[in-house]
1. For the range 77-119: of the residues being free of Cβ contacts under 8 Å to residues at least 40 places away in the same chain and of a type in the set (A, V, I, L, M), which is farthest from the ligand (Cβ to nearest atom)?
2. Does any residue of the range 346-354 turn out to be open to solvent by 20 Å² or more (accessible area, probe 1.4 Å) and under 13 Å from the mean Cα position of the chain (by Cα)?
3. Within the set of pairs 6 or more residues apart or between chains, which connect a residue that is under 13 Å from Asp93 (Cα atoms) inside the range 132-158 to a residue that is within 16 Å of the ligand (Cβ to nearest atom) and of a type in the set (Phe, Trp, Tyr) with Cβ atoms less than 6 Å apart?
4. Which one of these is within 16 Å of the ligand (Cβ to nearest atom) and not assigned by TED's automatic domain parsing to the domain that holds Ala406: Gly183, Gly187?
5. Every residue in the range 89-112 that is outside any loop (DSSP other than H, G, I, E, B), surrounded by fewer than 20 Cβ atoms within 10 Å (Cβ to Cβ) and not acidic (Asp, Glu), please.
6. For Ile277, are the conditions met, namely being within 16 Å of the ligand (Cβ to nearest atom) and under 27 Å from Val256 (Cα atoms)?
Amino acid sequence: MITYEIRKARTGPHSHTGVPNFIQRHIRQTTVTNVTVIRAGRFFDSEKGIFLSARDIVIKGNLIEAVAENFPIPSGARVVDLTRYTVMPGLIDAHVHLLYLEKPSGGLTAEGVKAITMEGTPLRALRGAARARTFLMAGITIVRDLGNSGRFGDIAVRTAINDGSLDGPRMYVSGPGLSPEGGQFPGLQFSYRGIAEEEYRVVRGAEDARLAVRENVTYGANVIKIYSSASPNPGYLSLEEMRAIVAEARLLGVKVTAHATSDLAISRAVEAGVDSIEHGYRVEDATLKRMKQRGVALVPTYLDSVNLKRLYAIARPNRPPTEQELAATLKQRYERLQRAMKSGVTIVAGSDNYLDLGVPQGEAAKRVLFTYHDAGMETAQILQSATINAARLFGEPRLGIIMTGAFADLIAVDGDPVGDFSAMERIKFVMKNGIIYVGQP
Ligand SMILES: [Zn+2]
């Protein structure tokens, strides 16, 4: 009874139940030692990219024990009836910045310098923790946080989530991004370049690049983020630096992903051997082909039409965009995505949603999937980009999939996202690591 009350309270707007956190954790842990059987009305098989009719998912502790049709309910098992819903693996957002939220009118340098000098890492981590919860509520059970977290504030948030102090998604974290001179703060004066170095790990030569990888991994990073070019600043990492980073990361068993917007920055990073490209806005067909050949994934980070309108409403309240202006911006994004889809490159969903759009950040971030949808991507492909493709990029076969032995991260949406993609807005159930955060048995 008490577990029911707590779960109910946790799904509402006020998570405070009056029960101390450590007792809540104990209760939740006690609950998940029992077997749970989830009855799914429809079921997304992320490996095959197909939807199946009714399946039962058996969960023991934090792992999926079986997936079957008409599974006989073990005595004493908790049964969760999701027969009205579509069940799928918890969503993955491969590009977030939980500790950085920018006012759309502020600009990168001013807002970034403010975050470092006036907000500070402890406060950024506290705010990041609150944002982390909104991702979980939106059905995103795993995020990859790629820098702009001060000096390792991202690691602190992940630690607090993992030890049960906070409710939030699983986190892959990069620590400070490895960058050419100046980080991403154009206009910063030379005398104050140290401010950029509070936010970015500026790399000066191949040996320093190796050291930077060792530093980040030592202090908790489990992915390396590099800036092939520090756009909007002009600098590039050298090929020698990027190759040294990739070699050191391989040695330490972590993946490397590259911020790259121009075709030159993308092709240089691919040449150096990175695992994925973030943004890739101006990628050319020949480079896409090379990415496919080398198995380099693309994380296309685009605001959808809803977020774009929100952005305009905040950034340009007195001059709303014309329909033609909106359509032209979106058309360019859709064409880029269509070229990427046609090339056969692996697409991994990532929002890069660091703008304050006036809505919970996780909810806004999930809308990147709507950009893919509006560009013509099939629902199954979109869901693969946000589940199994991302998990494969992270090198974790037990995530992004509902199968025996996988981690019990799964969600349910109200409706059939194939016929009506807006079903993805209606999250009815969220389980992460065997613990229910949204929905009740
Ligand atoms: Zn980013």
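The values are calculated or read from the model by the stated rules, or taken from the named source; none is laboratory data. This is a predicted model, so every value here is computed, not measured. Cβ sites come from the backbone with ideal geometry, for glycine too, and all protein chains shown count toward neighbours. Just so you know, the surface numbers come from the protein's heavy atoms only, side chains and all, with ligands and any DNA or RNA stripped out. Shrake-Rupley method; radii C 1.70, N 1.55, O 1.52, S 1.80 Å.
1. That would be Met118.
2. Yes, that holds for at least one residue.
3. Val143/Phe135; Arg144/Tyr172
4. Going through Gly183, Gly187 in turn, the sole match is Gly183.
5. Across the range 89-112, the qualifying residues are Leu108, Thr109, Ala110.
6. Judged against the criteria, Ile277 is a match.
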